[in-house]
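Colleague: Take a look at the following structure, please.
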Amino acid sequence: MIVMKFGGTSVADAERIRGIAEIVRDRLDRRPLVVVSALGGVTDLLERAIVSACADDLEALEPVLANLERRHRWALAGCVEESRRHHHLSLEVDGVFEELRQKLRSVRVLRERTPRAADAILALGETLSAMIVETAFREMGIDAIGIDPREVLITDDRFGEAEPDLERTAERARKRVGDVLAEGAVPILGGFVGATPDGTTTTLGRGGSDTSAAVLGSILEAEEIQIWTDVDGLMSANPRLVPQARPIATVSFAEAAELAFYGAEVLHPDCLAPAVRRGIPVRVANSMRPENPGTVIVDGTEPAGDGAVVSVASRGGVTSLRVVNRRMRADPGFAAGVLGSLRSRDLSPDLVVASEIGVHLAIRDDPGCRSLQVELERYGRVEVRGDRAIVCVVGSGLSDGVARREAMEAVAEWEPELFALGSSGASLAAVVPAGRLSETVRGLHHRFFEGDGSR
Ligand code: ADP
Ligand code: ASP
Ligand code: MG
């Protein structure tokens, strides 16, 4: 079997949903399991609804709810015409909206966004999309059967970022999903959503549908895990920043992991581990251009491309912290103390350069940064710089000395404030002011991919 995951843009409206039905129909002989995200933008709208409900701001809440209803009714009307089916699905959708309103009412009463309540609300986006996709598939002649992800994807109770319990999920998935596949039907599940063993709804964190797909694919020993999205695969840079970015044919798991971690949101960083464990290839492909091969992520350490660098990843929303040890002498507990302070706040650094005299690190922006700074002042002078970004040059070929030196020189030209060779040997990451993110990424992309064959 294969797993086919369709992200928000791939199920954004009726036309796209019909498009993915065709993609699935063309691959029925590979026994697909389909995982869908909420319709594009819906999780953000649900999050906005929660914020407005918390503030008991009906004026803000009502238009968001109206927008959500409109989106789903349009999608439904545009891909399900047969009247009985249409009627049945409309009633189901009514039911979900009633549930949504009820849950938002309790948030309004409590005036509090608890992660547990938020998960119950956010999960409804995937519930709605899976319902619509299932019926649309049937309308197009596919024998599709919806499965509630909460009956299959069992997680811990870290609401908002729950982690799948692989053993329990395996037990459920083999039975529930296995039975549907054995009947020759196509199982359809909402991604991103799971439940604790006692059935309380959880979510896997933003972008988590990729993780649902990878977990199920690895448990069911899929032949391939396919991530269908709105670009032609993993690209040589974020195409929104670099219009000249081009798709990469093959990358290794190590390269893809660095790319995902350092900002290629096309792939959730947590989705690779389950696939790596079983050596299952992951393919990233474009649901608007299904004839294109996309990118295949495979096991292996050999540089896959024709150059040392495969991509320039980047992301904003970073703060850098420099702590200079007050004692200015060898102090073995210093770096450990600084990192321990991060850990106690559940923060993990994106990048660290440490010695006994100073620690310079980059972390994702977090409300805890301020109190962290206060605590770190115990160790020495602390300099905090917000509004930073990370740029990371990725490629297994960087393990080669000459290629590495060239790449280091290229990055150094952009005068990064912090600069480090990744321990995997496949990345070179640098921190720059957020305002210089685009030019740095474009410059490096030009240097590695747009030159006169220097790549
Ligand atoms: P989906 O809704 O399918 O999950 P996402 O929005 O999560 O899609 O991810 C796809 C987006 O990732 C692309 O539209 C692109 O802008 C962005 N992206 C960032 N870096 C890269 C990269 N290196 N390669 C491909 N896409 C990238
Ligand atoms: N719908 C969720 C989100 O927008 C999960 C996903 O799309 O992967 O984050
Ligand atoms: Mg995504």
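The values are calculated or read from the model by the stated rules, or taken from the named source; none is laboratory data. Quick caveat: nothing in here was measured; it's all calculated off a predicted structure. Counting neighbours? That spans all protein chains shown, and the Cβs are built from the backbone with ideal geometry, glycine included. Side chains are part of the model used for accessible areas, which takes the heavy atoms of the whole protein and leaves out ligands, DNA and RNA. Shrake-Rupley method; radii C 1.70, N 1.55, O 1.52, S 1.80 Å.
Colleague: Name the residue, out of Ala49, Ala38, Ala53, that is modelled with pLDDT of 95 or more and in a loop (DSSP other than H, G, I, E, B).
Modeller: On the way: Ala49 fails: in a loop (DSSP other than H, G, I, E, B); Ala53 fails: in a loop (DSSP other than H, G, I, E, B).
Just a single option satisfies the conditions, and that option is Ala38.
Colleague: Met140 passes all but one of (1) under 24 Å from Leu267 (Cα atoms); (2) among the hydrophobic types (A, V, I, L, M, F, W, C); (3) open to solvent by 10 Å² or more (accessible area, probe 1.4 Å); which number fails?
Modeller: (1)
Colleague: Restricting to region 26-52, count the residues that are open to solvent by 10 Å² or more (accessible area, probe 1.4 Å), touching a helix residue (DSSP H, G or I) at 6+ places or on another chain (Cβ under 8 Å) and either within 13 Å of ligand 2 (Cβ to nearest atom) or basic (Lys, Arg) (or both).
Modeller: The total comes to 8.
Colleague: Given the criteria within 16 Å of ligand 3 (Cβ to nearest atom), among the hydrophobic types (A, V, I, L, M, F, W, C), at pLDDT 95 or above and within 25 Å of Ala389 (Cβ to Cβ), does Val284 qualify? Steps first, please.
Modeller: Values: within 16 Å of ligand 3 (Cβ to nearest atom): yes; among the hydrophobic types (A, V, I, L, M, F, W, C): yes; at pLDDT 95 or above: yes; within 25 Å of Ala389 (Cβ to Cβ): yes.
Here the answer is yes, as Val284 does meet what is asked.
Colleague: Please enumerate the residues belonging to region 200-231 that are within 13 Å of ligand 1 (Cβ to nearest atom) and either within 21 Å of Glu291 (Cα to Cα) or open to solvent by 20 Å² or more (accessible area, probe 1.4 Å) (or both).
Modeller: Correct list: Arg206, Gly207, Gln226, Ile227, Trp228, Thr229, Asp230, Val231.
Colleague: Hey, another quick one. Listed residues Gly207, Gly233, Gly199, Gly160; which is within 17 Å of the chain's Cα centre (by Cα), on the phi > 0 side of the Ramachandran plot and more than 16 Å from ligand 3 (Cβ to nearest atom)?
Modeller: Details: Gly207 fails: more than 16 Å from ligand 3 (Cβ to nearest atom); Gly233 fails: more than 16 Å from ligand 3 (Cβ to nearest atom); Gly199 fails: within 17 Å of the chain's Cα centre (by Cα).
After applying the criteria, what remains is Gly160.
Colleague: Looking only at region 411-455, which residues are part of a strand (DSSP E or B) and more than 11 Å from Val393 (Cβ to Cβ)? If you could, list the steps in order and put the result at the bottom.
Modeller: Residues of region 411-455 that are part of a strand (DSSP E or B), as a first pass: 418-421, 427-433.
The answer is Leu418, Ala420, Val431, Val432, Pro433.
Colleague: Would you confirm whether any residue within region 53-63 is within 16 Å of ligand 2 (Cβ to nearest atom) and open to solvent by less than 10 Å² (accessible area, probe 1.4 Å)?
Modeller: Within region 53-63, not a single residue is within 16 Å of ligand 2 (Cβ to nearest atom) and open to solvent by less than 10 Å² (accessible area, probe 1.4 Å).
Colleague: Just to be sure I understand the filter: pairs with C-beta atoms under 6 Å, separated by 6 or more residues or on different chains, first member in region 309-326 and of a type in the set (D, E, K, R), second member open to solvent by 30 Å² or more (accessible area, probe 1.4 Å) and away from ligand 1 (no atom under 16 Å from the Cβ). Which pairs pass?
Modeller: Arg322/Glu383
Colleague: Got at least one residue in region 324-333 being within 30 Å of Gly19 (Cα to Cα), assigned to a loop (DSSP other than H, G, I, E, B) and open to solvent by 70 Å² or more (accessible area, probe 1.4 Å)? Lay out the reasoning, then the answer.
Modeller: Of region 324-333, the ones within 30 Å of Gly19 (Cα to Cα) are none.
No, every residue in region 324-333 fails to be within 30 Å of Gly19 (Cα to Cα), assigned to a loop (DSSP other than H, G, I, E, B) and open to solvent by 70 Å² or more (accessible area, probe 1.4 Å).
Colleague: In addition: Among Arg70, Arg150, Arg84, Arg111, which is open to solvent by 10 Å² or more (accessible area, probe 1.4 Å) and on the phi > 0 side of the Ramachandran plot? Walk me through it before giving the result.
Modeller: Working: Arg70 fails: on the phi > 0 side of the Ramachandran plot; Arg150 fails: on the phi > 0 side of the Ramachandran plot; Arg84 fails: on the phi > 0 side of the Ramachandran plot.
Being open to solvent by 10 Å² or more (accessible area, probe 1.4 Å) and on the phi > 0 side of the Ramachandran plot holds for just one of Arg70, Arg150, Arg84, Arg111, which is Arg111.
Colleague: Listed residues Leu339, Leu267, Leu272, Leu321; which is within 16 Å of ligand 3 (Cβ to nearest atom) and not in a loop (DSSP other than H, G, I, E, B)? Even if it seems obvious, please write down each step before you answer.
Modeller: On the way: Leu339 fails: within 16 Å of ligand 3 (Cβ to nearest atom); Leu267 fails: not in a loop (DSSP other than H, G, I, E, B); Leu321 fails: within 16 Å of ligand 3 (Cβ to nearest atom).
Just a single option satisfies the conditions, and that option is Leu272.
Listed here are the residues, each with its yes/no results for (1) crowded, with 21+ Cβ neighbours inside 10 Å; (2) over 25 Å from Val318 (Cβ atoms); (3) more than 16 Å from ligand 2 (Cβ to nearest atom).
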position	(1), (2), (3)
Met235	yes, no, yes
Arg246	no, yes, yes
Ala257	yes, no, yes
Ala273	no, no, yes
Val296	no, yes, yes
Gly300	no, yes, yes
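Colleague: Can you work out which of the residues in region 287-303 that are over 14 Å from Trp228 (Cα atoms) and not hydroxyl-bearing (Ser, Thr, Tyr) is nearest to ligand 3 (Cβ to nearest atom)?
Modeller: So in region 287-303, the residues over 14 Å from Trp228 (Cα atoms) come out as 298-303.
Add one more test, that the residue is not hydroxyl-bearing (Ser, Thr, Tyr), and what stays is 298-300, 302-303.
Numbers: Val298: 21, Asp299: 23, Gly300: 25, Glu302: 28, Pro303: 27 Å.
Selected residue: Val298.
Colleague: If you don't mind, there's one more thing I want to ask. What number of residues in region 342-400 are surrounded by 15 or more Cβ atoms within 10 Å (Cβ to Cβ), outside any strand (DSSP E or B) and of a type in the set (A, V, I, L, M, F, W, C)?
Modeller: Within region 342-400, residues that are surrounded by 15 or more Cβ atoms within 10 Å (Cβ to Cβ), outside any strand (DSSP E or B) and of a type in the set (A, V, I, L, M, F, W, C) number 7.
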